[in-house]
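Remarks on the structure that follows.
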Amino acid sequence: MRGPKPGTEFADHSEIALGISKGAADVPTVNPNFKRVVKKRPEYSVDEYYRGIVAGDRVKLAQAITLVESSLPKHKALAQDLIQKCLPHTGNSVRLGITGVPGAGKSTFIETFGTWLHDEKQRKIAVLAIDPSSQVTGGSILGDKTRMNELSVRPNVFIRPSPSGTSLGGVAQKTRESALLCEAAGFDLIIIETVGVGQSETAVHSMVDFFLLLMLAGAGDELQGIKRGIMEMADGIAITKADGHNVHKAKGARVQYQNALRLFPPNPWKWTPQVVTTSSVERTGIADVWEMVENFENLLKEGDWWDSRRRSQLQGWMEESIELKLREDFFGHGQVAAQYESIKQQVLSAELSPFQAAENLLKLYKDS
């Protein structure tokens, strides 16, 4: 069909082959008479939270962890009372920390590993997955629960993703408290997954019984760029994705890592970290990882090392709590808050050294 003659106007587009639809009439997006109803979450007493947790109520457990993660003063007080009440029911689980290089498949490994333990060993498992928070918006995807579809539907599994927030290294500040609440709820295996950003190893190592490092084979020189400190902290290493054409590379990496670990000085409990190869796709090597964890637990429990590590965890938790409380009190102090921006600007303009600025602020804090 030929187009309209120049200057011709149509009341509608019926004579144009590619007509333009008028579409539906616009609907007002704002209703001045509409009132949004915001449903408030129910607030429970410490006793109500406590009874729900020790009874294994996963809904109450999730709500209690939300309470623990809250920064509101009234919630902090309730959370501390709840933790104190739950303490006698803790200490009966294995705390397993898992970290690894980017792309090692931490979430996939945890799903395969946890599913096998749940089905074959009848373990009751809690997964505390730390997701990285945006440094720009502060937001977090919290996608671990959706990635662990098979594991999350198991009846005796609890998965809780938490944002890392501003805490160094990608371990949530309230992970210790969350782990204790999970223990009180009857979970006998607590898995703590870090974001694996390279700085979280020390933090997670201080709160777990067994520290598992996941590594990839075939991603370059297996030992190149691996921090000695991370290797020394690892109680065991699992080479992931050992399937298909990668099997040979994984076996080669296993030998390299095992030889490297033998060069480190022996630990007090005479444990030599082991290296195994695993495949989440083919579900191979999963039992080997658990056997390694059990052997480690049995060795440490033969002496006093298991309890000693637990006492060390409690001490670390106390010292970390002191540091957090001091920092919170310092920046919330009236005189410090009033002078902070002015002193900071003097530092930024090179009028005052950072050390002297810190001294001045600390003097304000101590003298008033």
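The values are calculated or read from the model by the stated rules, or taken from the named source; none is laboratory data. Fair warning: this is a prediction, and the values are worked out from it, not measured in the lab. Note that we place each Cβ from the backbone using ideal geometry, even for glycine, and neighbour counts take in every protein chain shown.
Only one of the listed residues (A219, A238, A242) is outside any strand (DSSP E or B), of a type in the set (G, A, S), surrounded by 15 or more Cβ atoms within 10 Å (Cβ to Cβ) and at pLDDT 90 or above. That residue is A242.
Of all the listed residues (G303, G332, G285), the sole one being over 23 Å from the mean Cα position of the chain (by Cα) and loosely packed, with under 11 Cβ neighbours inside 10 Å is G332. Going by what's in this entry, would A338 be described as more than 27 Å from W271 (Cα to Cα) and surrounded by fewer than 12 Cβ atoms within 10 Å (Cβ to Cβ)? Yes: the conditions hold for A338.
Looking at the range 277-284, is at least one residue at positive phi and either modelled with pLDDT under 90 or not in a helix (DSSP H, G or I) (or both)?
Yes, there is a match, as at least one residue in the range 277-284 is at positive phi and either modelled with pLDDT under 90 or not in a helix (DSSP H, G or I) (or both).
For the range 321-354, the set of residues classified as assigned to a helix (DSSP H, G or I) and of a type in the set (A, V, I, L, M) consists of I322, L324, L326, V336, A337, A338, I343, V347, L348, listed by residue number. The residue pairs whose first member lies in the range 51-68 and is in contact (Cβ under 8 Å) with a residue 12 or more places away in the chain and closer than 15 Å to H89 by Cα, whose second member is of a type in the set (V, I, T) and surrounded by 19 or more Cβ atoms within 10 Å (Cβ to Cβ), and whose beta carbons are closer than 9 Å, counting only pairs six or more residues apart or on different chains, are L61/I53. Residue selection: G103 satisfies the criterion of being surrounded by fewer than 17 Cβ atoms within 10 Å (Cβ to Cβ), in the same structural domain as F187 (by TED's automatic domain parsing) and touching a Leu at 6+ places or on another chain (Cβ under 8 Å).
Quick grid of which residues meet (1) modelled with pLDDT of 95 or more; (2) touching a strand residue (DSSP E or B) at 6+ places or on another chain (Cβ under 6 Å):
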{"site": "L18", "(1), (2)": "no, no"}
{"site": "K22", "(1), (2)": "no, no"}
{"site": "A55", "(1), (2)": "yes, no"}
{"site": "D81", "(1), (2)": "yes, no"}
{"site": "I98", "(1), (2)": "no, yes"}
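Scoring N298 on the criteria (1) closer than 12 Å to W116 by Cβ; (2) free of Cβ contacts under 8 Å to residues at least 24 places away in the same chain; (3) among the polar types (S, T, N, Q) leaves a single failure, condition (1). In the range 168-177 there is no residue matching the filter, namely being surrounded by 17 or more Cβ atoms within 10 Å (Cβ to Cβ), at pLDDT 95 or above, farther than 20 Å from V101 by Cβ and not small (G, A, S). Out of the range 132-153, which residues are closer than 27 Å to D243 by Cβ and either buried (at least 19 other Cβ atoms within 10 Å of the Cβ) or at pLDDT 95 or above (or both)? Correct list: D144, M148, L151.
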